[in-house]
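*Asks:* Structure below; questions to follow.
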Amino acid sequence: MKKTALFILATAMAGLGMAQTKEPLPAYKNKNLPVATRVADLLKRMTVTEKAGQLNQLNGGAFTGPALNDAGQQAKMQMVREGKVGSMLNVIGSAETKAVQTIAVEQSRLGIPLLFGYDVIHGYKTIFPIPLAEACSWNLNQITANAGVAAKEASSAGITWTFAPMCDISNDPRWGRVMEGIGEDPWYGSLVSAARVKGLQAGLDNEHILACVKHFAGYGVVESGREYNYTDVSRVALWNKYLPPYKAAVDAGAASVMNGFNIFENVPVSASKYLVTDVLKKQWGFKGFLVSDWASFGEMITWGYAENEEDAALKAFKAGSMIDMESKVTFAHIPELVKQGKITERELDETVARILSIKFTLGLFDTPYKYNIDGREQSTLFTTAHRQEALRAAEGSIVLLKNNNQALPLQTSSKIALVGLYASSKEDMFDFWIAQGDYKQAVSLREGLEKAWGADKVSYAAGYQADGSANEALVNEAVTNAQAADVVVVNIGLSGKMAGEDRSLAAPEIPANQIALLKALKATGKKVVAVVSSGRPLVLTATEGLVDAIVYSWILGTESGNAIAHVLSGAYNPTAKTVMSFPYAIGQIPVYYNHYNTGRPKETDGMGNWYSRYRDIPREPLYPFGYGLSYTSYTYSNLQLSKTTKQKGASIQATITVANTGNYDGEEVVQLYLRDHAASLIRPVQELKGFQKIALKKGESKQITFTITDDLLHFYDATGAPVLEKGKFSVMVGGNSKDVQEATFELQ
Ligand code: BGC
């Protein structure tokens with residue numbers, strides 16, 4: 001009523017040409033002022049409760065239609081209206097985000113806009129290969145392009161912020177989240193992480209979204225691969241192996257960082273002052289903001305680190321952590337903690353300023369609906385161009401692990417017996433992190449083969465059940481189909497639903513009923529090609545001997561079936577190389593290429609025949625890091641170093657000749673590994689320090705040169721300081737981590 005009266009009065013005064021006494025525009029609303037000035041002005045106007053609100057992130061849901069009558073949703077809207085929420089997650093779509101943003105901007109006292117976060121992990125509507133698979137492409141431009149499409153689609157739906165990339169190095173395929181990551185190598189993982197940030201964030205315009213580096217730090221070493229378990233990492237391992245990818249993503253400009261669920265030195269990482277303040281903010285100079293993982297502040301009580309919610313809020317805040325995703329302890333207790341003087345308002349201001357700054361930088365105060373452009377969502381999502389990009393990405397992610405007697409590619413005149421529940425079950429094609437992807441729109445392997453070969457040339461049988469139990473009838477049907485065909489393509493592995501958070505497996509292997517099926521198929525005498533679907537490397541030792549070829553297709557997203565069909569037909573010659581070792585047996589886990597030498601690496605090294613090994617299985621993985629075949633073959637020869645001694649500050653060139661000696665044009669990932677033979681902290685037997693993905697026509701050969709500089713030779717001590725020590729280094733170059741040529745030089 002009051003408002004209406006004022007409005008009438010103002011209109012009347014204007015009508016009479018009377019001068020109004022206009023409030024000057026608050027500085028924070030003046031877009032011509034620098035961000036810092038606007039932030040400072042806004043902070044002066046905010047209550048402590050409103051400041052705590054900026055650290056409060058709520059889970060969304062719907063806010064329009066029937067949700068308007070829902071008491072729970074109404075309560076959240078009221079909190080937004082009262083300035084008690086700074087960001088939301090899982091509010092989906094342009095209409096919904098706009099509706100909530102309208103409340104924040106037009107109905108709250110200060111009109112502070114919200115950030116809308118969402119897990120856009122490998123695509124928003126058009127689904128790309130899982131991050132682990134995409135990393136196997138060794139194609140950084142493609143990785144950036146994939147992230148760019150994801151950002152474009154998500155931003156058109158009003159999303160401003162994704163919780164990606166995941167930069168957790170892991171050696172443990174029992175852990176379900178290896179699917180979201182970068183594999184086992186810190187150097188390559190750093191490049192991939194930076195490429196993802198670049199694709200997501202570039203330009204900070206309304207076609208990109210803020211990136212969030214997660215899960216800081218060391219979440220990938222959950223003990224025994226069990227999700228949410230204890231983690232124990234030394235500072236030396238932290239600096240040399242685990243921190244580099246997070247650092248690279250931060251250096252690439254990522255606006256935010258997410259705490260992990262895990263532990264560092266027996267302190268939950270959300271409360272680790274060492275990680276958050278000393279490393280991230282001080283040593284790395286990170287200027288962005290942090291968000292907890294889902295309820296990770298509150299979980300400090302369960303871990304036994306905080307006594308109660310207030311204690312949890314205080315410990316997280318004092319460590320330097322910021323936004324509380326859904327445990328609600330920060331908002332509930334910060335005002336009281338400020339009142340008690342345990343947190344100063346100045347500390348609170350410094351924290352909140354980081355969040356406000358990004359909101360100003362994004363332009364949300366001036367154009368709060370910049371992501372909500374009418375019609376853009378409809379015209380952006382799932383376009384033909386995006387699907388084409390997803391197809392290219394999927395083709396480039398498929399790793400060919402075995403190809404005996406050139407079993408592949410298959411003739412398009414061949415009759416195929418396609419076997420495998422997952423070849424036809426679209427639901428099983430998609431994993432847990434598919435944002436708004438719709439599995440019904442994805443291309444199954446069955447559809448892909450039928451399109452490429454013609455439906456009349458492809459028979460189909462499920463062959464096994466998902467629950468792992470034996471089913472003779474299904475096997476018999478598959479065998480009958482196999483006998484009538486020229487070749488069997490059998491899709492084995494695990495449902496996509498077994499990949500992701502809380503999907504730990506004690507036995508990441510091919511289920512027994514699928515092995516039984518393979519045996520029956522092999523007995524037909526037909527050529528058997530296995531296509532393996534999984535979000536992680538599975539133990540393939542039993543499979544290996546039963547099939548002629550293994551195509552590792554991971555989880556490839558929307559265009560899965562087309563991409564696999566292109567590989568099987570040879571329309572696409574595989575170029576991917578695995579970025580995680582494939583264990584020979586479960587008991588080998590964790591098995592990784594950049595391991596240490598031990599004091600007894602070989603039978604010949606001292607102590608007779610007692611050395612570092614297993615008595616029941618080989619020590620080496622079944623397929624090493626960097627491994628992947630092509631339909632053509634490559635030979636490496638003549639590794640030459642430009643010098644045999646190198647002074648600090650100078651560089652050395654390593655040159656090798658790579659020849660395509662097979663029958664197809666192809667692309668090869670040439671890999672450079674280094675080894676520091678003796679150092680004040682022992683170094684791994686091999687560390688990837690360079691790669692070049694090169695195209696080679698049939699019969700062509702090229703000289704490839706790598707330049708080795710000091711930054712490839714140093715390691716980190718326990719404080720994170722780089723250390724460069726003189727001595728002998730090996731240079732290894734090859735097409736995977738095991739098949740390499742080696743030369744040495746001396747650093748002086
Ligand atoms: C996951 C995060 C994710 C968050 C929000 C958590 O359970 O660990 O990676 O971003 O949920 O969905």
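*Asks:* Which residue, of E310, E299, E227, E207, is free of Cβ contacts under 8 Å to residues at least 40 places away in the same chain and either away from the ligand (no atom under 16 Å from the Cβ) or surrounded by fewer than 17 Cβ atoms within 10 Å (Cβ to Cβ) (or both)?
*Replies:* Exactly one residue qualifies, and that residue is E310.
*Asks:* Among the residues in segment 606-614, are any of a type in the set (G, A, S) and modelled with pLDDT of 95 or more?
*Replies:* Among the residues of segment 606-614, not one is of a type in the set (G, A, S) and modelled with pLDDT of 95 or more, which makes the answer no.
*Asks:* Same structure, new question: Find the helices (runs of 4 or more DSSP H) located wholly in segment 61-175 whose residues include 2 or more that are in contact with a Gly (Cβ under 8 Å, 6 or more places away or on another chain), free of Cβ contacts under 8 Å to residues at least 40 places away in the same chain and at negative phi, and list them.
*Replies:* In segment 61-175, 71-81 are the helices (runs of 4 or more DSSP H) which contain 2 or more residues that are in contact with a Gly (Cβ under 8 Å, 6 or more places away or on another chain), free of Cβ contacts under 8 Å to residues at least 40 places away in the same chain and at negative phi.
*Asks:* Then there's this: May I ask you to list pairs of residues, at least six apart or on different chains, whose Cβ atoms are under 6 Å apart, with the first in segment 726-737 being touching a residue at least 24 places away in the same chain (Cβ under 8 Å) and the second being among the charged types (D, E, K, R) and surrounded by 16 or more Cβ atoms within 10 Å (Cβ to Cβ)?
*Replies:* Every condition considered, the pairs that remain are F729/D676; S730/R675.
*Asks:* So which residues in segment 33-60 are assigned to a strand (DSSP E or B) and either crowded, with 17+ Cβ neighbours inside 10 Å or not assigned by TED's automatic domain parsing to the domain that holds E96 (or both)?
*Replies:* N56, Q57, L58
*Asks:* Among the listed residues I323, I334, which satisfies the condition of being touching a Gly at 6+ places or on another chain (Cβ under 9 Å) and in the same structural domain as M300 (by TED's automatic domain parsing)? Before the answer, list the steps.
*Replies:* Working: I334 fails: touching a Gly at 6+ places or on another chain (Cβ under 9 Å).
After applying the criteria, what remains is I323.
Quick grid of which residues meet (1) closer than 13 Å to G735 by Cβ; (2) touching a strand residue (DSSP E or B) at 6+ places or on another chain (Cβ under 6 Å):
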| position | (1), (2) |
| --- | --- |
| A650 | no, no |
| A654 | no, yes |
| L672 | yes, yes |
| A695 | no, yes |
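*Asks:* Right, another one. Name the residue, out of V567, V547, that is outside any loop (DSSP other than H, G, I, E, B), assigned by TED's automatic domain parsing to the domain that holds G396 and either over 25 Å from G628 (Cβ atoms) or out of contact with any helix residue (DSSP H, G or I) (no Cβ under 6 Å at 6 or more places or on another chain) (or both). Spell out how you get there, then give the answer.
*Replies:* On the way: V547 fails: outside any loop (DSSP other than H, G, I, E, B).
Among V567, V547, only V567 is outside any loop (DSSP other than H, G, I, E, B), assigned by TED's automatic domain parsing to the domain that holds G396 and either over 25 Å from G628 (Cβ atoms) or out of contact with any helix residue (DSSP H, G or I) (no Cβ under 6 Å at 6 or more places or on another chain) (or both).
Yes/no matrix, rows are residues, columns are (1) in the same structural domain as Y552 (by TED's automatic domain parsing); (2) surrounded by fewer than 16 Cβ atoms within 10 Å (Cβ to Cβ); (3) in contact (Cβ under 8 Å) with a residue 40 or more places away in the chain:
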position: F430; (1), (2), (3): yes, no, yes
position: I434; (1), (2), (3): yes, no, yes
position: A442; (1), (2), (3): yes, no, yes
position: G448; (1), (2), (3): yes, no, yes
position: A455; (1), (2), (3): yes, yes, no
position: A466; (1), (2), (3): yes, no, yes
position: S469; (1), (2), (3): yes, yes, yes
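*Asks:* Can you tell me how many residues within segment 244-293 are away from the ligand (no atom under 16 Å from the Cβ), in contact (Cβ under 8 Å) with a residue 24 or more places away in the chain, over 13 Å from Y219 (Cα atoms) and assigned to a helix (DSSP H, G or I)?
*Replies:* Here the count works out to 13.
*Asks:* Going by the conditions given, is E180 within 16 Å of the ligand (Cβ to nearest atom), under 22 Å from S581 (Cβ atoms) and charged (D, E, K, R)?
*Replies:* Working: within 16 Å of the ligand (Cβ to nearest atom): yes; under 22 Å from S581 (Cβ atoms): yes; charged (D, E, K, R): yes.
Taking the combined requirement at face value, the residue satisfies it.
*Asks:* Consider T330 carefully, then state whether it is part of a helix (DSSP H, G or I) and hydroxyl-bearing (S, T, Y).
*Replies:* yes
*Asks:* I'd like the residue in segment 112-170 that is of a type in the set (D, E) and within 15 Å of the ligand (Cβ to nearest atom) and, out of all such residues, is nearest to E223 (Cα to Cα). First the steps, then the outcome.
*Replies:* Narrowing segment 112-170 to residues of a type in the set (D, E): 119, 134, 153, 168.
Subsequent filtering for residues that are within 15 Å of the ligand (Cβ to nearest atom) retains 119, 168.
On the way: D119: 25, D168: 14 Å.
Once the filter is applied, the top-ranked residue is D168.
*Asks:* Now, a different point. Filter segment 212-243 down to the residues that are of a type in the set (G, A, S) and part of a loop (DSSP other than H, G, I, E, B) and list them by number.
*Replies:* Of everything in segment 212-243, those that are of a type in the set (G, A, S) and part of a loop (DSSP other than H, G, I, E, B) turn out to be A217, G218, S234.
*Asks:* Restricting attention to segment 471-487, which residues are part of a loop (DSSP other than H, G, I, E, B) and surrounded by fewer than 20 Cβ atoms within 10 Å (Cβ to Cβ)?
*Replies:* N471, A484, D486
*Asks:* It is to be established whether one or more residues within segment 183-202 are within 16 Å of the ligand (Cβ to nearest atom) and part of a loop (DSSP other than H, G, I, E, B).
*Replies:* no
*Asks:* Further question on the same structure: Provide a single number: the residues in segment 488-529 that are part of a loop (DSSP other than H, G, I, E, B) and either more than 16 Å from the ligand (Cβ to nearest atom) or under 14 Å from L474 (Cα atoms) (or both).
*Replies:* Adding up the residues that qualify gives 12.
*Asks:* Can you find a residue that is within 16 Å of the ligand (Cβ to nearest atom) and under 19 Å from S560 (Cβ atoms) anywhere in segment 456-474?
*Replies:* Just the residues of segment 456-474 that are within 16 Å of the ligand (Cβ to nearest atom), to begin with: none.
No, segment 456-474 has no match at all.
The values are calculated or read from the model by the stated rules, or taken from the named source; none is laboratory data. No experiment lies behind these values; they were computed from the predicted model shown. When we count neighbours, we look across all protein chains shown, and the Cβ atoms used for this are built from the backbone with ideal geometry, even at glycine.
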